[in-house]
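This report refers to the structure that appears directly beneath it.
Read-outs: derived from the displayed coordinates by stated rules, not from any lab. Since this is a predicted model, take the numbers as computed values, not measurements. Cβ placement follows ideal geometry from the backbone for every residue including glycine, while neighbour counts extend to all protein chains displayed.
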Amino acid sequence: MSRFRLRDVTLRDGLQLTGKLLPTEEKLRLARALLALGVDQVEIGAMARPDLVPPMANTLEVIAGLTPQELERCWVWVATPRSAQRALDAGARNVQYCLSASDAHNLANVGRSTEDSLAALPQVLQAADAVGAAVQLTIATSFTCPFEGAVPPERVQAIATDPRAGGAVSVAVCDTLGQAVPAEVARLTEAVRQRLPATTGVLFHGHDTWGLGVANAIAAVQAGADTLDASLAGLGGCPFAPGASGNTATEDLLFGLRPDWFTPEVLAQLRALSAGLTAAVGEPNRSRVDAAADRTPRDAPFPWA
């Protein structure tokens, strides 16, 4: 269970609903702090329209402020060939190309049908290949859609294995609304894993809307996912998905799965980062581990508190 990679998505998914633009310098400090603590990858922003998602307005500046070595471990969210090209031109080394399994959400999120988004993917792959960058296919609303309801698993499997996505280094299965349960997550993750080449990674992106974020993440790893998304303090949510709440908290996910590098000292530093961030953006800390640590007496024989 400890052999998975963590991608912290605080700086994109975590911030996009806060309504506040965190200064570039603060985003850079947070990205570097997460990488230094042992977090494998960090999502540093999105090439979204700043009038629609204001907290992402300085993503290009964040890319420019990181070193090439740091950018190798960082991801940028894109939804069109043009946005991908802009990120790549700025120096991004990894872009996650997002489309939704449901047409209704894809139209609300990026203004086009799922098929149109999928048809444009080869352009993104070509642009990334020209500069030696990597592309991840991110499938939003893989389980449920806020407009259409349940999404057929076969729909997600067909998108994941579409020949036009053949050059992607990984496929992300996303529980955008946090409505999936572990059995569903395990079935879909395993089905996608079995249909992809062994060299193609599988990522699970979950939300904790219904309290099953960590349980779903564990189910995903057991079913073959090699990477998990999470956000400090459980921040996040999709601005175009009514009913979606925060991501699974980074603190909670790490406490539950215990990778080798995660220690009580690392947890304490993550909690400090979360406290500063939530104060800066005016959001509550939704991490259950953080709340439990506060309730535990300081002299209790439990090092994680």
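If you build a Gaussian network model of the chain, linking Cα atoms that sit under 10 Å apart, which residue out of Ala275, Ala198, Ala104 swings the most?
Ala198
Can you tell me how much longer the chain between Ala292 and Trp304 gets when fully stretched, taken as 0.36 nm per residue apart minus their C-alpha distance, in nm with one decimal?
Working: separation 12, 0.36 × 12 = 4.32 nm, distance 0.97 nm.
Net length gain for the segment: 3.3 nm.
Need one number: nm distance between label points at Thr67 and Trp210, each 7 Å from Cα along Cα→Cβ, rounded to one decimal.
Spacing of the two 7 Å Cα→Cβ label points: 4.5 nm.
Given Ile44, Leu66, Ala180, which one lies farthest toward the positive end of the charge dipole of region 5-295, if we put +1 on the Cβ of every Lys and Arg and -1 on the Cβ of every Asp and Glu?
Leu66
Under a point spin-label approximation (7 Å from Cα along Cα-to-Cβ), what is the Asp129-Arg187 distance to one decimal in nm?
According to this spin-label approximation, the distance is 3.6 nm.
How many percent of all Cα-Cα pairs in region 224-280 sit more than 13 Å apart?
Working: 1028 of 1596 pairs.
Everything past 13 Å amounts to 64 percent.
Most mobile of Gly14, Gly224, Gly211 per a Gaussian network model of the chain (Cα springs, under 10 Å)?
Per the Cα network of the chain with a 10 Å cutoff, Gly211 tops the list.
Determine the dipole magnitude for the chain: charges of +1 sit on the beta-carbon of Lys and Arg, -1 on that of Asp and Glu, nothing else is charged, the reference point is the Cα centre, and the result goes in debye to the nearest 20. Don't skip to the end; give the middle numbers.
On the way: 25 positive and 32 negative charges, 29 e Å.
Result for the chain is approximately 140 debye, rounded to the nearest 20.
Of all the Cα-Cα pairs you can form in region 5-295, what percent are over 27 Å apart?
Of all Cα-Cα pairs in region 5-295, 33 percent lie more than 27 Å apart.
Which one of Ala280, Ala31, Ala233 has the biggest mean-square fluctuation once the chain is modelled by GNM with Cα springs under 10 Å?
Ala280
What is the distance, in nm, between label points placed 7 Å from the Cα along the Cα-to-Cβ direction at Arg3 and at Ser113?
Each label point lies 7 Å from its Cα, and together they span 4.3 nm.
Would you mind ranking His207, His105 by Cβ crowding within 10 Å, fewest neighbours first? If you can, show how the numbers build up before the last one.
Values: His207 29, His105 25.
If I rank by nearby Cβ atoms, fewest first, I get His105, His207.
When only alpha-carbon atoms count, how far does region 173-305 stretch along each of its three principal axes, as whole angstroms with the largest first?
49, 35, 23
Tilt of helix 81-90 relative to the longest C-alpha principal axis of the chain, in degrees (0 to 90, nearest 10)?
That helix lies at roughly 50 degrees to the long axis.
Which of Phe302, Phe262, Phe204 has the fewest other C-beta atoms within 10 Å, and how do the rest follow up to the most? Please report the intermediate quantities before stating the final value.
Values: Phe302 11, Phe262 21, Phe204 29.
If I rank by nearby Cβ atoms, fewest first, I get Phe302, Phe262, Phe204.
Quick check: net charge around Ser245, other residues with Cβ under 15 Å of its Cβ, Lys/Arg +1 and Asp/Glu -1?
Numbers: positive: Arg286, Arg288; negative: Asp13, Asp175, Asp208, Asp229, Asp252, Glu283.
Once positives and negatives cancel, what remains is -4.
How far is helix 213-222 tilted, in degrees, relative to the longest principal axis of the Cα atoms in the chain, given as a value from 0 to 90 rounded to the nearest 10?
60 degrees
Could you pull out every residue, at least 5 positions away or on a different chain, whose amide H is within less than 5 Å of the one on Thr138? Hs are placed 1.01 Å off N in the peptide plane, and Pro or chain starts have none.
Those qualifying (amide H under 5 Å, at least 5 residues apart or on another chain) are Tyr97, Cys98, Leu99, Ala172.
Rank these for me by crowding, Trp210, Trp77, going from fewest to most other beta carbons within 10 Å. Could the numbers behind the result be given before it?
Working: Trp210 14, Trp77 26.
Least crowded to most crowded, the residues run Trp210, Trp77.
Can you tell me the orientation of helix 24-37 relative to the chain, as the angle in degrees between its alpha-carbon axis and the longest Cα principal axis, to the nearest 10?
70 degrees
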